[in-house]
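Below is one structure; the comments refer to it alone.
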Amino acid sequence: MGEWSEYFEDFPEENPANWVNGEFNPRLAQEIRNQEDRLRATTNKARSEINAVIMKAWLETKSKAFLLTEDCPQCGLTKLNTYKISDTFYLCECQDCGIHGRGETHSLALKSTFDAIGDGLDWRDNVI
């Protein structure tokens, strides 16, 4: 016996994708799938645009909030950037190995970064 796709080509009435509201109607089913694909593409494009706006705003906030650069506890390079996003939100990110931490104070953000050693965290994997 061949592949399922071959079977459905020979017996389109057996393909559940060709049924709409309990009626066999392959043309309408295809139109609905095409419409759903167009809607999905439009939605994905809109989400990408929204994410780009959010990312731009976040990067601008981070650039304005830069506090200092110090030695990274994981890789040892002087690449650990600390940002003071607000009075109660500090963020540490190593520009080399990617380790990161956050906290309400600079020392808590550093502690969070130290605690993440060996966890394989990389801030570049999920920047939004």
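The values are calculated or read from the model by the stated rules, or taken from the named source; none is laboratory data. All values derive from a computational prediction rather than experimental measurement. Here the Cβ positions follow ideal geometry from the backbone for every residue, glycine too, while neighbour counts run over all protein chains shown.
Return the residues of region 64-101 that are over 26 Å from the mean Cα position of the chain (by Cα) and among the small types (Gly, Ala, Ser); say none if nothing qualifies.
Gly76
Between a first residue in region 1-14 that is over 13 Å from Pro26 (Cα atoms) and a second residue that is at pLDDT 85 or above, which pairs have beta carbons less than 8 Å apart while being 6 or more apart in sequence or on different chains?
If the second residue must be at pLDDT 85 or above, the pairs left are Met1/Tyr7; Tyr7/Glu14.
May I ask you to list the residues in region 40-62 that are closer than 19 Å to Asp122 by Cα and either exposed (fewer than 12 other Cβ atoms within 10 Å of the Cβ) or without any contact (Cβ under 8 Å) to a residue 60 or more places away in the chain (or both)?
Those that are closer than 19 Å to Asp122 by Cα and either exposed (fewer than 12 other Cβ atoms within 10 Å of the Cβ) or without any contact (Cβ under 8 Å) to a residue 60 or more places away in the chain (or both): Leu59, Lys62.
Considering only region 21-63, how many residues are in contact with an Asp or Glu (Cβ under 9 Å, 6 or more places away or on another chain) and hydrophobic (A, V, I, L, M, F, W, C)?
Residues in region 21-63 being in contact with an Asp or Glu (Cβ under 9 Å, 6 or more places away or on another chain) and hydrophobic (A, V, I, L, M, F, W, C): 1 in total.
Out of Phe89, Phe66, which single residue is surrounded by 14 or more Cβ atoms within 10 Å (Cβ to Cβ), in the same structural domain as Ala116 (by TED's automatic domain parsing), among the aromatic types (Phe, Trp, Tyr) and under 21 Å from Phe114 (Cα atoms)?
Phe89
Hey, could you check region 95-109 for residues that are touching a residue at least 24 places away in the same chain (Cβ under 8 Å) and either crowded, with 17+ Cβ neighbours inside 10 Å or not acidic (Asp, Glu) (or both) and say which is nearest to Ala65 (Cα to Cα)?
His106
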